[in-house]
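Heads up, the thing below is written out as structure tokens.
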Amino acid sequence: MAAAAQSIVLIGFGEVGQVLADDLLARNCRVEAFDIRFDDAASAPAQAAKSRALTLHANAAAALAAGQAQGPALVFCAVTAAADLDAARSCADALVAGSLYADCNSASPSVKQQAAELIDAGAGAYVEVAVMSPIFPKRSTAPMLLGGPHAEQFAERVQALGFSGCAVHSAVVGPASATKMCRSVFVKGMEALISESMLSARYYGVEDGVLDSLSNLFPSDDWRRFARYMISRTIEHGGRRAEEMREVVKTVEHAGVQPWMSAACVQRQQWAPQHQSALEHEDLGPFLDAIRANMESER
């Protein structure tokens, strides 16, 4: 007799949720999903769910009820950092015994610990997940650090579903997210620094000289392509990144360090998405020119 299909519930159906849905559906999992934007049938998450023939559940509890109808489920929460605790609250009382709640959100260790308390106070079991790279191109095989007393159990269950990048990091909740947050000081900070450097250098016509000089310190096959990619990430995902960096600020402050760089990064990331129109330019020069033209129109 064939084994029963694994039941999966996705809380949040943005970029990460959609990637997980596709990979899990390809492995014949039963997938239920909820996103707060499902209220708007024309929203991107609602349209994405419809294109995959998924039910548009009215709330998280309804998605969980459907996913757990035949027994415990794996629950992946992939919402914005600011919604981490709200998502945990909405799920805590609806989880059944044996269901694992994987918190994949980019939140600070203290927020993850609060979410764990909410989930573990009910019947479900909380698992801290820190996704340590962009979801593309590795998708569900992306490196993920796991934390908490249920991390080993979660790792065993998802290995068979293709999550080969999962690794148990700690038996307690917090260190995995601390690792991601401290990484983000560097990665998201680099995005902000490159944006500021290149937009200023373009004004003076010296971006090539700046990038050539960087190659002496940080070798790269194509600094122009890399710079454009890093800036484009802030434009495409700056709103979400700004929320993450606010969590980074909390993490750095908790360590007794003044978060001057991370606080400034919040502003740069928050500012970037208004320049979506620049993304049509693949070459760095016209790309920067388009952003600068938008900047001029703001004044």
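Of A63, L288, P109, which is farthest along the charge dipole of the chain in the positive direction, counting Lys and Arg as +1 and Asp and Glu as -1 at C-beta?
Result: A63.
How much accessible surface area, in Å² rounded to 10, belongs to the heavy atoms of F226 with a 1.4 Å probe?
60 Å²
Probe 1.4 Å, all protein chains in place: accessible area of E156 in Å², nearest 10?
Rounded to the nearest 10, the figure is 140 Å².
Sorted by accessible area with a 1.4 angstrom probe, largest first, how do Y229, Y204, Y101 fall?
Y204, Y229, Y101
Please list D222, D35 from largest to smallest accessible area, probe radius 1.4 Å, with all protein chains kept in place.
D222, D35
Order the following by accessible area, largest value first: R299, R225. Probe radius 1.4 Å; ligands, DNA and RNA are ignored.
Sorted descending by solvent-accessible area, the residues read R299, R225.
Over all pairs of distinct alpha carbons, what does the Kirkwood formula give as the hydrodynamic radius of the chain, in Å?
Kirkwood hydrodynamic radius for the chain: 20.4 Å.
If I stretch the segment between R52 and A167 completely, what's the gain in nm (0.36 nm per residue apart, minus their alpha carbon distance), one decimal?
Taking 0.36 nm per residue and subtracting the Cα distance, the gain is 38.5 nm.
So between Q114 and V257, what do we pick up on full extension, going 0.36 nm a residue minus the alpha carbon distance?
Values: separation 143, 0.36 × 143 = 51.48 nm, distance 2.21 nm.
Result: 49.3 nm gained on full extension.
Of all trypsin sites (Lys or Arg not before Pro) in region 42-91, which ones are in loop regions per DSSP and have a Cβ with at most 15 other Cβ atoms within 10 Å?
Values: sites: K50, R52, R89; in loops: R52.
Answer by residue number: R52.
In the chain, carbon and sulfur make up what percent of the accessible area (probe 1.4 Å)?
55 percent
I'd like the accessible area for I235: 1.4 Å probe, protein heavy atoms, all chains in place, Å² to the nearest 10.
Looks like 0 Å² after rounding.
What 222 nm value per residue comes from the helices of the chain, counting each DSSP H run with n ≥ 4 as -39,500 (n - 2.57) and dividing by all residues, nearest 500 deg cm²/dmol?
Details: 11 runs with 157 residues, N = 299.
Computed ellipticity for the chain at 222 nm equals -17000 deg cm²/dmol.
Compute the accessible area per residue over region 161-299, keeping the other protein chains in place, probe 1.4 Å, unit Å².
Per-residue value: 53 Å².
Hey, if you put +1 on the Cβ of every Lys and Arg and -1 on every Asp and Glu Cβ in the chain, which of A171, A41, G256 ends up farthest toward the positive end of that dipole?
Value: A171.
Based on the Cβ-Cβ distance of Q274 and A26, what FRET efficiency does E = 1/(1 + (r/R0)^6) give at R0 = 30 Å, to the nearest 0.05?
E(calc), rounded to 0.05, equals 0.25.
Return the sequence-ordered ³J(HN,Hα) values of region 232-242 in whole Hz as given by the Karplus equation 6.51 cos²θ - 1.76 cosθ + 1.60 applied to θ = phi - 60°, using x for Gly and Pro.
Once θ is set to phi - 60°, the couplings for region 232-242 become 5, 5, 5, 6, 6, 10, x, x, 5, 5, 4 Hz.
Relative contact order of the chain, please, whole-number percent, based on alpha carbon pairs below 8 angstrom and at least 6 residues apart.
Once normalised by length, the contact order is 13 percent.
Given the options V79, V248, V187, which has the most mean-square fluctuation in a GNM of the chain, springs set between C-alpha atoms less than 10 angstrom apart?
Of V79, V248, V187, the most mobile in the Gaussian network model is V187.
Rounded to two decimals, what is the ratio between the C-alpha radius of gyration of region 176-299 and 2.2 N^0.38 Å?
1.09
The values are calculated or read from the model by the stated rules, or taken from the named source; none is laboratory data. The shown structure was predicted, so the numbers you read here are calculated from the model rather than taken from an experiment. Cβ: placed from backbone, ideal geometry, glycine included. Neighbour counts: every protein chain shown. The accessibility values were calculated without ligands, DNA or RNA, using every heavy atom of the protein model including side chains. Shrake-Rupley method; radii C 1.70, N 1.55, O 1.52, S 1.80 Å.
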